[in-house]
1. If I ask for residues that are open to solvent by 10 Å² or more (accessible area, probe 1.4 Å) and of a type outside the set (S, T, N, Q), which ones from the stretch 202-219 would you list?
2. Can you name every residue in the stretch 207-241 that is among the aromatic types (Phe, Trp, Tyr) and closer than 25 Å to Leu144 by Cα?
3. Please work out if Val138 is open to solvent by less than 50 Å² (accessible area, probe 1.4 Å), in contact (Cβ under 8 Å) with a residue 24 or more places away in the chain, touching a Cys at 6+ places or on another chain (Cβ under 7 Å) and among the β-branched types (Val, Ile, Thr).
4. Of all residues being assigned to a helix (DSSP H, G or I) and either touching a residue at least 40 places away in the same chain (Cβ under 8 Å) or of a type in the set (D, E, K, R) (or both) in the stretch 141-162, which is farthest from Val123 (Cα to Cα)? Just the residue, please.
5. Would you mind finding the one in Leu240, Leu272, Leu283 that is open to solvent by 20 Å² or more (accessible area, probe 1.4 Å), touching a residue at least 12 places away in the same chain (Cβ under 8 Å) and within 28 Å of Asp124 (Cα to Cα)?
6. Hey, among Asp30, Asp9, which residue is of a type in the set (Asp, Glu) and surrounded by 15 or more Cβ atoms within 10 Å (Cβ to Cβ)?
7. Could you check how many residues of the stretch 163-185 are among the aliphatic types (A, V, I, L, M), in a helix (DSSP H, G or I) and over 21 Å from the mean Cα position of the chain (by Cα)?
8. Just to be sure, is Ile129 within 23 Å of Thr290 (Cα to Cα), aliphatic (A, V, I, L, M), in contact with a Ser or Thr (Cβ under 9 Å, 6 or more places away or on another chain) and crowded, with 16+ Cβ neighbours inside 10 Å?
Amino acid sequence: MEKRKVYLDNSATTPVASEVIKEMQPYFGDIYGNPSSFHFFGRRAKTAIDKSRAKVAELLNASPEEILFTGCGTESDNIAIFGLLNAYGKKGHIITTRIEHHAVLYSCRHLEELGYEVTYLDVDKDGVISVEDFKKAVKGNTILVSIMHANNEVGAIQPIEAIANELKKINKTRKNKIYFHTDAVQTAGKLRLDVKKLGVDMLAISAHKFNGPKGIGVLYVKKGVKISPIMFGGHHENGLRPGTENTAFIVGCAKALEISNVAIENNEKHILHLRESLKKGILEAIPEVTVNGSGARAVSNILNISFNYIEGEALLLMLDMKGIAVSTGSACASGSSEPSHVLSSMCVDPVAAQGAVRFSFGHYNTEEDVDYVLRVLPKIVSNLRSMSPVWNLSLSDRKKGKI
């Protein structure tokens with residue numbers, strides 16, 4: 001059997017589009033000035049940043065002054081959460097979910113240590129929170145709501161607009177406004193993001209998730225929302241993100257978002273077809289598997305499947321030897337032996353959760369990629385199960401009619 005390279009870990013990162021590389025190239029050489037310098041060289045770089053900011057703002061339906069460039073999605077989340085709370089000036093209550101990316105989850109745990117109260121909303125079997133549960137969680141001292149747009153492990157899309165509508169009603173009855181932040185890292189480039197339609201006060205994205213470069217993120221901060229700096233050292237980005245701007249990556253981020261938005265419907269149709277083909281093939285060829293989320297309320301590019309009675313890490317390594325790149329969950333949690341906090345929150349059986357693998361597609365993937373995975377995967381699963389005492393015990397019980 002031929003061995004090919006198949007990249008199915010696009011939720012971790014994506015390849016930089018050739019058009020993006022071309023757009024960035026001049027800012028590594030000819031246009032090298034510091035954007036904060038007033039001379040000709042600096043002004044050329046500053047102009048490029050201004051144009052990129054305007055482009056990103058247009059694509060998000062925001063104003064340029066509402067767009068802040070950061071180093072990544074995690075930094076955007078941290079500036080949003082800690083910056084808002086610092087500006088608020090007193091401790092209170094925060095609402096989030098149990099399935100947030102660690103950028104938000106660990107921030108909230110740290111805030112608890114500082115004396116804040118945090119409510120972690122439960123999710124259903126598809127990984128989606130209840131709007132009713134959210135409404136019940138609101139308290140008189142609630143300051144901030146931070147709920148991700150779509151989950152990075154199972155793709156579950158959260159009811160952001162519905163929550164924003166409820167917050168609008170609640171805020172009309174309150175003296176102190178509750179602010180709404182969403183981590184949209186997994187939806188940028190896959191869903192059209194309209195900050196006005198979503199109704200959020202702050203939104204974070206990261207370029208490397210939509211075929212842009214690593215090391216550049218965006219934070220939308222609605223006009224009128226007060227944010228205090230959490231880093232110090234300069235006036236850059238309205239004083240909220242000090243340090244010389246990364247001109248080349250800012251230009252690349254804007255170009256990548258522009259390209260992905262132009263082709264968003266066609267890409268989604270293509271990717272959904274590939275995901276469903278792989279899911280159908282796995283369910284037909286391999287027994288004892290469970291699909292985690294990835295239904296109608298999920299982004300189209302993520303397929304999370306538990307292969308019962310084997311370890312996901314072992315399966316990942318065997319697939320890697322065949323040239324297939326997948327993940328057992330979030331890339332930011334790589335190396336952790338703990339079960340996925342997302343799958344645990346969805347009440348996935350702990351044994352099944354240990355055998356979970358995330359396949360995540362990008363628009364460069366092809367039907368030939370899916371065909372190759374379906375030729376390789378069943379044999380690997382069979383071989384791993386043959387060495388699994390849990391599988392063999394289960395098989396013995398099934399033969400005896402016990403299960």
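The values are calculated or read from the model by the stated rules, or taken from the named source; none is laboratory data. Everything quoted here is computed from the prediction, not taken from an experiment. No Cβ is skipped: glycine too gets one built from the backbone with ideal geometry, and neighbour counts run over all protein chains shown. Surface areas here come from the heavy atoms of the whole protein model, side chains and all, with no ligands, DNA or RNA. Shrake-Rupley method; radii C 1.70, N 1.55, O 1.52, S 1.80 Å.
1. Across the stretch 202-219, the qualifying residues are His208, Lys209, Lys214, Gly215.
2. Tyr220, Phe232, listed by residue number.
3. Criteria not met by Val138.
4. Selected residue: Glu161.
5. One residue alone meets the criteria, Leu272.
6. Asp9
7. Total meeting the criteria: 2.
8. So Ile129 passes the test.
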